[in-house]
Amino acid sequence: MNFITKHIRRKKELLFACKDRKAVYMPAEKLSSAIVIGDAATPENENMLSLVRKWASDYGITAYTVYFSLKARRGRDKNGDAAKGDLVLFRNDIRLAGIPKNDFLKEILGKRYDLLICTASPLPYPVEFVVKCCNASFKAGIDESRIDLFDMLVTGDKSGSEKIEFMLDSITKIKGED
């Protein structure tokens, strides 16, 4: 990667990054909003996203889904057949340096979430950028190569769905500070 691209990425990360974010562990019953980030290139992605959506609905958590489909191009329909509260980012929604366009960034990064769950593994840079800059109290993921991005990281030789099931079970068992 050349110097100019690195510089552009660093400037955008500094612009959107949460300066003094600290992990806040809350029980699942106290969570009100979550953002789920998925990537079409990740094996079993649809199954993992459906597991997280079901878990969130069981606990009354409003789940917003950001789905990256970086090999496809956006057609005429702005969001494809995405459900309400979902955002689909295509290859042509990503700028040259690998950063999503500003109108999508405002929609994603302008809100505060109690929980961020990333089902993408490995993380392409646009996904990594959103995870870094998203304002979430607690971040959980399954990508073993980026341990610095998450408060909870599930690793191992299990399938992606098994990792997500274990993660959701672990989040359910967290006891918050009272």
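None of the figures in this text is laboratory data; all of them are computed from the coordinates on show. Being a predicted model, the structure only gives us computed values, none of them experimental. Here the Cβ positions follow ideal geometry from the backbone for every residue, glycine too, while neighbour counts run over all protein chains shown.
Does anyone have the angle between helix 160-173 and the longest principal axis of the chain? Alpha-carbon axes, 0 to 90°, nearest 10? In the chain, helix 160-173 runs at an angle near 50 degrees to the longest axis. Counting every other Cβ atom within 10 Å of each residue's Cβ, C118, C134 order from fewest to most as C134, C118.
For the pair I147 and N135, label points projected 7 Å from Cα toward Cβ lie 3.0 nm apart.
Think of the range 3-173 as a dipole: +1 on every Lys or Arg Cβ, -1 on every Asp or Glu Cβ, centred on the Cα centre; then among L49, A72, S33, A72 lies furthest on the positive end.
Spin-label model, A23 to K111: label points 7 Å out along the Cα-to-beta-carbon direction sit 2.4 nm apart. If you take all other residues with their beta carbon under 10 Å from the beta carbon of V66, and give Lys and Arg +1 and Asp and Glu -1, the sum is -3. Pairs exceeding a 19 Å alpha-carbon distance, out of K111/K163; K30/K163; K139/K163; K111/K132: K111/K163; K30/K163. Projecting the Cα atoms of M152, T62, Y125 onto the dipole axis of the range 28-178, where Lys and Arg carry +1 and Asp and Glu carry -1 at the beta carbon, places Y125 farthest toward the positive end.
Once divided by 2.2 N^0.38 Å, the Cα radius of gyration of the chain becomes 1.00.
Based on C-alpha pairs under 8 angstrom that are at least 6 apart in sequence, the range 3-173 has a relative contact order of 27 percent. Placing dummy labels 7 Å off each Cα toward the beta-carbon, the span from R95 to D157 is 4.3 nm. Computed from the C-beta positions of S33 and R73 and an R0 of 25 Å, the FRET efficiency is 0.25 to the nearest 0.05. Each Lys or Arg adds one and each Asp or Glu takes one away; over the other residues whose Cβ falls under 11 Å from the Cβ of W55, this sums to -1. Exposure proxy ranking for I108, I4, based on other Cβ atoms within 10 angstrom of each Cβ and starting from the fewest, stands as I4, I108.
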